[in-house]
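A.B. asks: Okay, here's the structure, questions in a sec.
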Amino acid sequence: MPKKSPPKHPTKKIMDEFTDRPISRQRKWQLRKVKAGRCHICGKPSSTSLCLIHMHARRAYARKINGNTKFYANTKLERLLKGSKETS
Ligand SMILES: [Zn+2]
């Protein structure tokens with residue numbers, strides 16, 4: 001008697017509103033993270049779609065692209081980042 005082969009897809013498919021959308025796997029992952037209240041880059045818990053670290057990185061990148069080099073050290077984001085570093 002031949003040995004039974006394992007199933008081709010052992011991982012169960014995630015069934016939600018993003019399953020049948022014509023978008024990539026990566027975009028589905030990102031949308032699921034945002035829906036769950038997490039950062040869509042690293043998956044850490046956050047109130048917005050980006051965590052503090054990635055929001056800071058995105059702002060720095062936007063500053064560089066737009067040619068704005070002035071750094072405001074006392075913005076809300078900078079203060080939050082400073083506070084989170086001190087506590088952790
Ligand atoms: Zn993140």
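A.B. asks: Given the structure, is Ser84 small (Gly, Ala, Ser) and closer than 22 Å to Asp16 by Cα?
C.D. replies: Numbers: small (Gly, Ala, Ser): yes; closer than 22 Å to Asp16 by Cα: no.
Judged against the criteria, Ser84 is not a match.
A.B. asks: Can you run down the residue pairs with Cβ atoms below 7 Å, 6 or more apart or on separate chains, where the first is in the stretch 50-67 and touching a residue at least 40 places away in the same chain (Cβ under 8 Å) and on the phi < 0 side of the Ramachandran plot and the partner is more than 10 Å from the ligand (Cβ to nearest atom) and aliphatic (A, V, I, L, M)?
C.D. replies: Going by the 7 Å Cβ cut-off, there are no qualifying pairs.
A.B. asks: Yes or no: Arg63 surrounded by 10 or more Cβ atoms within 10 Å (Cβ to Cβ), under 25 Å from Lys82 (Cα atoms) and modelled with pLDDT of 95 or more? Break it down into steps so the answer makes sense when it comes.
C.D. replies: Numbers: surrounded by 10 or more Cβ atoms within 10 Å (Cβ to Cβ): yes; under 25 Å from Lys82 (Cα atoms): yes; modelled with pLDDT of 95 or more: no.
Judged against the criteria, Arg63 is not a match.
A.B. asks: Follow-up question, since we're still on this one. May I ask you to list the residues in the stretch 1-30 that are of a type in the set (Lys, Arg) and not in a loop (DSSP other than H, G, I, E, B)?
C.D. replies: As a first pass, look at the stretch 1-30 and keep what is of a type in the set (Lys, Arg): 3-4, 8, 12-13, 21, 25, 27-28.
Answer for the stretch 1-30, where residues must be of a type in the set (Lys, Arg) and not in a loop (DSSP other than H, G, I, E, B): Arg25, Arg27, Lys28.
A.B. asks: Taking the conditions exactly as written (in a helix (DSSP H, G or I) and under 17 Å from the mean Cα position of the chain (by Cα)), does Arg59 satisfy them or not? Write out each step before concluding.
C.D. replies: Numbers: in a helix (DSSP H, G or I): yes; under 17 Å from the mean Cα position of the chain (by Cα): yes.
Yes, satisfied.
A.B. asks: Oh, and also: Working only within the stretch 18-50, note down all residues that are surrounded by 10 or more Cβ atoms within 10 Å (Cβ to Cβ), of a type in the set (D, E, K, R) and more than 30 Å from Ser84 (Cβ to Cβ).
C.D. replies: Selection gives Arg21 alone.
A.B. asks: Just to be sure, is Ser84 within 12 Å of the chain's Cα centre (by Cα), within 14 Å of the ligand (Cβ to nearest atom) and either part of a strand (DSSP E or B) or of a type in the set (Ser, Thr, Tyr) (or both)? Before the answer, list the steps.
C.D. replies: Numbers: within 12 Å of the chain's Cα centre (by Cα): no; within 14 Å of the ligand (Cβ to nearest atom): yes; either part of a strand (DSSP E or B) or of a type in the set (Ser, Thr, Tyr) (or both): yes.
When the stated conditions are applied, Ser84 does not pass them.
A.B. asks: Okay, moving on. Among the residues of the stretch 31-52, count how many are away from the ligand (no atom under 11 Å from the Cβ) and assigned to a helix (DSSP H, G or I).
C.D. replies: So the first thing to find is which residues in the stretch 31-52 are away from the ligand (no atom under 11 Å from the Cβ), and the list is 31-32, 34-37, 47.
With assigned to a helix (DSSP H, G or I) added as a condition, the list becomes 31-32, 34-35.
Residues that pass the stated criteria total 4.
The values are calculated or read from the model by the stated rules, or taken from the named source; none is laboratory data. Since this is a predicted model, take the numbers as computed values, not measurements. No Cβ is skipped: glycine too gets one built from the backbone with ideal geometry, and neighbour counts run over all protein chains shown.
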